[in-house]
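What follows is a short report on a single structure.
No value in this document is a laboratory result; all are computed from the given coordinates. A quick note: this is a predicted structure, and the numbers were derived from the prediction, not measured. Note that we place each Cβ from the backbone using ideal geometry, even for glycine, and neighbour counts take in every protein chain shown.
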Amino acid sequence: MKLKEKLSEQHLLLFLKMIPYMLHEYWNFAKHVARCGMSKNSNKLLTDILMTTHAVEKAFSLDNKRKGFGVKKIVSLTNNIQKYINKYGYSDKLNVSVALVRSYLEFQKNDGFKDKVLDKVSRILNDIIDQSQISNEVFKEAGFLSKSRVQMIELTNVDFAKLVNNRYSFRHFSQEEVSDEVIKKALDIAKKSPSACNRQSYRVHVFSGNDKDVILKLQGGANSFYKEANKAILITGDLNRYYTTEMHLPYVDGALFAMSFIYALTSLGVASIPLTMGRKLNVLNDIHQQLNIPANEVPVILIAIGNYPDKAEVSLSYRNEVDSFTTFH
C-alpha cells in the first residue's frame, strides 16, 4: 500500500480533516438553535410553544389521566402564547396551541378540577380570543381523537394518501403479539427506501421482553406505556458506509427507511409510535453497552409497536398548510 493510501486511512488524520466541517456545523447550530436568543426570535419562541403543545397533547392521549395533570405546562404555554402575540401579533401558527388551551380548560372543568391558576389562564385565553378575533373553526384543531381498532385496520386496504392522512401514533396497544413474520414483511417493504448511492446502511434491531423494556426506559419518552408496547425497534446507521463529508447521511438514510417502515406497519395493521434518539451522550452510551449495539452504528430512531387496542385516544396533531413551509424558487 502506498504512503498516501496509508495516511488516508489514519484515524487522527481523518479527524483533523473533518475539523473544519465540524466547527462550521456546530457553530452554525449554536447560532441558530432554538434555545439561543429565544426571546428575540419569533420562530424560536414558536418552537417552544409547539413543544409544550405537543407535551400536553400527549398527556391527553393517555389512559387514567392524573387529576389536574399538566397545570404547569398549560400556564407556561399560555404565557408564551401571550408573549408571542404581544411581540409579533397573532399568527395562524398559534391556532393549535390556543385551541389546545381551551380544550384543556374544558376537560379540567368537566373532570371537576378547580385551581385559581387555571382561572387566570382562562382570563388570559379569553382576552387572546377577543383581541385576536379568533374564529370558532380554530377550536377544531387541537386535543385528541378516539380511534377504534376497526377504523385503523381499515387502513390496510386504502390508497397511500388516505393511509398517510389517517395514521396516528399510538401510546396504547393490545396484549396480542406482533409476529416476527409481520415485522419482516414490513421491513421487506421498507427496504425499497432510497439511500445514498444505494448503500442501504440502515440496520435494524428488534427488541422484545426485558430488552424491550430496557431500551424504552433508557429512551425516556415511553415511561407511561412501555409495558404495553409489544416490541421496540431501533433503526441505526452504519458509519462504515460513509465518508468524511457525510456525517449527516446515516441519519438521512435511517430516517427515510424508518418512515417507510412505519407506513408499511400501518398498511399491515400494526400500531406504532416513533421515539427520538436525540438524547444525551450518557444515554446513547448506555444503549450501546446494555443492548450490544455495535460501536460503528449510530442510533437514528426508536419505534415502539404493538397491535391496536379496541379503542384508544390519539393526539390530533394538526398539520400546517403547505404554503406555510414551502418556497417556490
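Observations on the model:
- Amide proton proximity set for K231, modelled H, under 5 Å, gap of 5+: I305
- Cα-only radius of gyration and Dmax that characterise segment 159-198, units Å: 13.9, 41
- Put in order of Cβ neighbour count within 10 Å, fewest first, the listed residues T53, T47, T245 become T245, T47, T53.
- Only helices enter this figure: runs of n ≥ 4 DSSP H residues, each worth -39500 (n - 2.57), summed and divided by the residues of the chain, yield -15500 deg cm²/dmol at 222 nm to the nearest 500.
- Cα long-axis angle, helix 42-60 against the chain (0 to 90 degrees, to the nearest 10): 80 degrees
- For segment 179-210 versus segment 75-105, the spacing of their alpha-carbon centroids is 40 Å.
- Cβ-Cβ distance of D310 and M247, R₀ of 56 Å, FRET efficiency by 1/(1 + (r/R0)^6): the value works out to about 0.80.
- Of the peptides 80-88, 295-303, the order by per-residue mean of other Cβ atoms within 10 Å, starting with the highest, comes out as 295-303, 80-88.
- Relative intensity, log₁₀ I(q)/I(0), of segment 145-314 from a Debye sum that treats every alpha carbon as a point, q = 0.11, 0.12, 0.16, 0.17 Å⁻¹: -0.45, -0.53, -0.93, -1.04
- Two-decimal log10 I(q)/I(0) for the chain, as the Debye equation yields it once each C-alpha is a single scatterer, q = 0.07, 0.12 Å⁻¹: -0.36, -1.02
- Across segment 38-142, the volume of the C-alpha convex hull divided among the residues equals 92 Å³ per residue.
- Nearest 10 degrees, 0 to 90: helix 281-290 Cα axis against the chain principal axis: 60 degrees
- Nearest-ten-degree value, helix 71-88 long axis tilted from longest Cα axis of the chain: 90 degrees
- As a rough guide to protection, the peptides 259-272, 163-176 ranked by mean Cβ packing within 10 Å, highest first, stand as 259-272, 163-176.
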